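The values are calculated or read from the model by the stated rules, or taken from the named source; none is laboratory data. Worth saying up front: this structure is predicted, and the values here are computed from it rather than measured. FYI the Cβ positions are ideal-geometry reconstructions off the backbone, even for glycines, and counts take in every protein chain you see.
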């Protein structure tokens, strides 16, 4: 688990892209997770 | 002001008119010269009085205005003084802002984005029949997002090792390094060395700060029957269907090869066949289904052939696995329940090992089928009001491995029960303590105390 502020918005974009490939996320899931993390940042 | 004077005059005249109208007037209704002069004199004295009053008002107003002007001037002076006093601080702030702006501009490396993450581990193991030992390792993870759809990912492992007296060294390993490209919403392709999408442990659970116990389940231990990583190409993605979801991952890789000469390993698979020893490639994949977001069930397979050099036999290898995951916060238990189940079957075609007897254990043939799995339940009371209790996690795992009885290796069957308590010092830092009952058939039992401190960064 990580706190949203532990990464910047740009870093979260990279991390969630990695997450998308590893966890077989759909494009919609990818987008929503990035949005959530940026809003929580 | 003129209007006011006029109104006053009219009022006065009206008043005089009324007064005199009430008096007895001469019958002829004419005003005498004397009366006229008196009226005029009265009127002029009233006008003079009004003028004096007006003069006083004007004087008062000009005095008040002068005071206001004085106050404004004083304020202006104060502001100027403050500006002069703050000027150095403002200049410093502007300089600092400029340096921050320059730093931010320097940090922008074109359109690519880079992230270093990873995890570090310190451990202690005290196992029966072996010397207790501390251990340490670090696994940096490098991620480059080269564009909207391209990602390069790589993980290294640095671990202290000691082969023998005077032979301490640091082990360096390339866990994975691959490039992936998102083709569309549902398809991603990639190539390189990647964590094998076979069951769930290797891809999703093996990092020490994610793995809930200090060691790996038996199918991924020293008598491994499942791959951790592969070198090849892959295609993968996910598709939502109403409220459910499917995911898939298929790959072609160098595949495992067969140990043939070492009697302690003959018949088992070498999954570190990263530079292929033959033209036979393994193909495999995993298909998962999530009826609800908290539950996933999946089937994995890998098929390949192996014909080790000088072995003279070509054997088929089929690996299959089923896995199940359930992770959910339950109000009824006030915490997160995490249940994982994996079962793996390894079927290797029969072969004759050490056919000439030169290795000292053949000729030997046996039914080369293996299977094993693990069931793990973890509970974290994350809804508790007490922070100390909220950060605790209780874990229990049963794992099992069944090996061919007629194989030359000593171990035939192994079963373990492991109970652990974790304390989450930070959301990505955990201290684990666990005790393990290790029941072996063909070897001495080896219960163990395991401690580990793991942090994700």
Item to complete: Output the residue which, of all residues in the range B:119-156 that are surrounded by 18 or more Cβ atoms within 10 Å (Cβ to Cβ) and more than 14 Å from chain A (Cβ to nearest Cβ), is farthest from residue B:205 (Cα to Cα).
Response: B:125
Item to complete: Could you grab me the full set of residues in the range B:412-456 that are in a strand (DSSP E or B) and farther than 17 Å from residue B:123 by Cα?
Response: B:413, B:414, B:415, B:416, B:417, B:426, B:437, B:438, B:439, B:440, B:441
Worksheet, complete the sentence: All-but-one check, residue B:275 against (1) within 15 Å of residue B:317 (Cβ to Cβ); (2) at pLDDT below 90; (3) out of contact with any strand residue (DSSP E or B) (no Cβ under 6 Å at 6 or more places or on another chain), failing number (1)
Practice prompt. Would you mind telling me which numbered condition in (1) surrounded by fewer than 16 Cβ atoms within 10 Å (Cβ to Cβ); (2) more than 29 Å from the chain's Cα centre (by Cα); (3) part of a strand (DSSP E or B) residue B:394 fails?
Written response: (2)
Item to complete: Taking only the range B:221-247 into account, find how many residues are under 18 Å from residue B:344 (Cα atoms) and either touching a strand residue (DSSP E or B) at 6+ places or on another chain (Cβ under 9 Å) or modelled with pLDDT of 95 or more (or both).
Response: 9
Discussion item. As an exercise: evaluate residue B:219 against (1) within 25 Å of the chain's Cα centre (by Cα); (2) assigned to a helix (DSSP H, G or I); (3) farther than 30 Å from residue B:183 by Cα and give the number of the one condition it does not meet.
Written reply: (1)
Worksheet item: Is one or more of the residues making up the range B:272-289 away from chain A (no Cβ under 14 Å) and under 26 Å from residue B:411 (Cα atoms)?
Response: yes
Worksheet item: Would it be correct to say that residue B:192 is more than 14 Å from chain A (Cβ to nearest Cβ) and assigned to a strand (DSSP E or B)?
Response: no
Item to complete: May I ask you to list the residues in the range B:427-447 that are more than 14 Å from chain A (Cβ to nearest Cβ), closer than 15 Å to residue B:395 by Cβ and in contact (Cβ under 8 Å) with a residue 24 or more places away in the chain?
Response: B:432, B:434, B:436
Worksheet entry | Residues that are buried (at least 18 other Cβ atoms within 10 Å of the Cβ), touching a strand residue (DSSP E or B) at 6+ places or on another chain (Cβ under 7 Å) and closer than 16 Å to residue B:367 by Cβ, drawn from the range B:405-428 | B:408
Worksheet entry | Among the residues listed as B:207, B:197, the single one being touching a residue at least 40 places away in the same chain (Cβ under 8 Å), within 9 Å of another protein chain (Cβ to nearest Cβ) and within 30 Å of residue A:10 (Cβ to Cβ) | B:197
Item to complete: Considering (1) within 12 Å of chain A (Cβ to nearest Cβ); (2) part of a strand (DSSP E or B), say which one residue B:177 fails and leave the rest.
Response: (1)
Fill in: Lone qualifier among B:126, B:185, B:148 - being modelled with pLDDT under 95 and either touching a helix residue (DSSP H, G or I) at 6+ places or on another chain (Cβ under 7 Å) or closer than 29 Å to residue B:432 by Cα (or both)
B:185
Practice prompt. Give me a count of the residues in the range B:290-309 that are surrounded by fewer than 15 Cβ atoms within 10 Å (Cβ to Cβ) and either in contact with a helix residue (DSSP H, G or I) (Cβ under 8 Å, 6 or more places away or on another chain) or in contact (Cβ under 8 Å) with a residue 40 or more places away in the chain (or both).
Written response: 3
Worksheet item: Any chance the range B:381-393 includes a residue that's at pLDDT 95 or above, out of contact with any helix residue (DSSP H, G or I) (no Cβ under 7 Å at 6 or more places or on another chain) and closer than 21 Å to residue B:223 by Cα?
Response: no
Fill in: Count - residues of the range A:1-21 that are over 8 Å from the mean Cα position of the chain (by Cα), facing chain B (nearest Cβ under 7 Å) and either over 26 Å from residue B:201 (Cα atoms) or at pLDDT below 95 (or both)
5
Worksheet item: What is the one condition in (1) within 14 Å of chain A (Cβ to nearest Cβ); (2) over 30 Å from residue B:140 (Cβ atoms); (3) in contact with a helix residue (DSSP H, G or I) (Cβ under 6 Å, 6 or more places away or on another chain) that residue B:401 does not satisfy?
Response: (1)
